[in-house]
Amino acid sequence: MESKLYDKAEVISFIKQGKLLSLAGDNKILNDLPQGNWIAGSIPYFMDNDQGKFNQDKIYVNELEHFGSNFSIKVYDKNNIHQVVKDSYDNGYTMIIFPPFSEVLQEYALNSPNYEGLYNNPIVGWVSGIDLNSDDTPKTYEGRSGIAHTDKAVAIHVQLPENKFAQIEIVNIFERDENSPEIEFYVNSFDVINCLIDGKETNLAEYYKQHNIDVKLPIVADYSGARINVSVKEIDQENGLVGFYAPVFENVIYKFAKPVDNYVRKFEINTIDIGEKSAFSCNCILNYLYGELEGKKINNVKGPITFGEIAYQLLNQTLVNLYIENIE
């Protein structure tokens, strides 16, 4: 089945056929779906076949590849999310959707790097969201019961046959500005007051103001060659606080990202090799907004536009792809 936006009636038909699905759509339409083998998150922003678009009348469908093998659907809260790795199969992958700003997401974001066996099998997914011009509540859905959650993550664990394996690809258009000072944090946190900048204790909010740092640019860490972004949520000058959409970690060196001259062109260059065989893909709402991707087509980039991306851990301003490959 092609991954794209479908009418509600088509999605209901897929569910009744017993297909294993990851769905994305506005709350108003997800509330009407029958019980079945699916999970979902609320979001009305998408990269569809033809262009980036805002849509509240259709549902983006990814049929999850399971090849007749085992799968299980789970619901997690802050107290059991650490079990997500243990619940996975020996050879397979996990698709997971979190509600934003929830305790379960905070627990996972802060502590998942320390989960034993985190990198044994791909954990991929996203953070649900809403129409930015509304007062809606972002939700996740567990299809077996049809229950919507505002404070729980939903996941599908999929077992793959011995001749196949899953892998994650991260596309990050941002590079560290090597002329940037080194930024180090005292604790693992979403919110920062003081930090070390080139070894000197500094109020980060004041540093952003004094140096006129573009808050649309993330700070970037280098994890053994993998560039991991942390994006700015807010700068509260009154309280001297910087809030981030993902946590920063102690004992990690961050730098400000290089400015991006042409967002769309940068995406085109970095996604040229994305094939249509991607089993799942999602892209960040900040990329969508800052890059003005509505109405634009970027190579084979498709999928929901999300309030955060999961590729083992919580990411920001990143495009994530899942591929199912044959073992040769």
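Read-outs throughout are calculated quantities, based only on the coordinates presented, and are distinct from any laboratory measurement. The structure presented is a predicted model; accordingly, all values stated were derived computationally and were not measured. Don't worry about glycine lacking a Cβ; one is built from the backbone with ideal geometry, like all the others, and counts go over all protein chains shown.
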Please list 241-252, 294-305, 39-50 highest first by mean number of surrounding beta-carbon atoms within 10 Å per residue.
39-50, 294-305, 241-252
Fully extended contour minus Cα-Cα distance, from LYS258 to HIS211, at 0.36 nm per residue:
15.5 nm
For segment 286-328, just say rounded, prolate or oblate: build the C-alpha gyration tensor, square-root its eigenvalues into a ≥ b ≥ c, call rounded for a/c under 1.5, and beyond that prolate if a/b exceeds b/c, oblate if not.
oblate
What is the fewest-to-most order of MET1, MET95 by other Cβ atoms lying within 10 Å of their Cβ?
MET1, MET95
Mind running the shape call on segment 261-310? Use the C-alpha gyration tensor, a ≥ b ≥ c as the square roots of the eigenvalues: rounded below 1.5 for a/c, prolate if a/b tops b/c, oblate otherwise.
oblate
Quick one: compute a quarter of the convex hull surface over the Cα atoms of segment 183-256 and quote it in nm².
4.5 nm²
Which of LYS19/LYS277; LYS28/LYS152; LYS19/LYS139; LYS19/LYS297 have a Cα-Cα distance over 25 Å?
LYS19/LYS297
Take the Cβ-Cβ distance between ASN299 and GLU10 as r, set R0 to 22 Å, and report the resulting FRET efficiency rounded to the nearest 0.05.
0.30
Rounded to the nearest 500, the 222 nm mean residue ellipticity computed for the chain from DSSP H runs (n ≥ 4, each -39500 (n - 2.57)) alone is -3500 deg cm²/dmol
Provide ASP273, ASP87 in ascending order of the number of other Cβ atoms located within 10 Å of each residue's Cβ, fewest first.
ASP273, ASP87
Label-zone membership for segment 170-189, site ILE269, 7 angstrom Cα→C-beta point, backbone N under 19 Å
170-180
Of the candidates TYR290, TYR141, TYR223, which one comes out as most mobile in a Gaussian network treatment of the chain with C-alpha springs shorter than 10 Å?
TYR223
Using the alpha-carbon centroid of each, what span in Å lies between segment 260-325 and segment 165-184?
14 Å
Residue-count net charge about ASN270 - beta-carbon cut-off 12 Å; Lys, Arg +1, Asp, Glu -1
-1
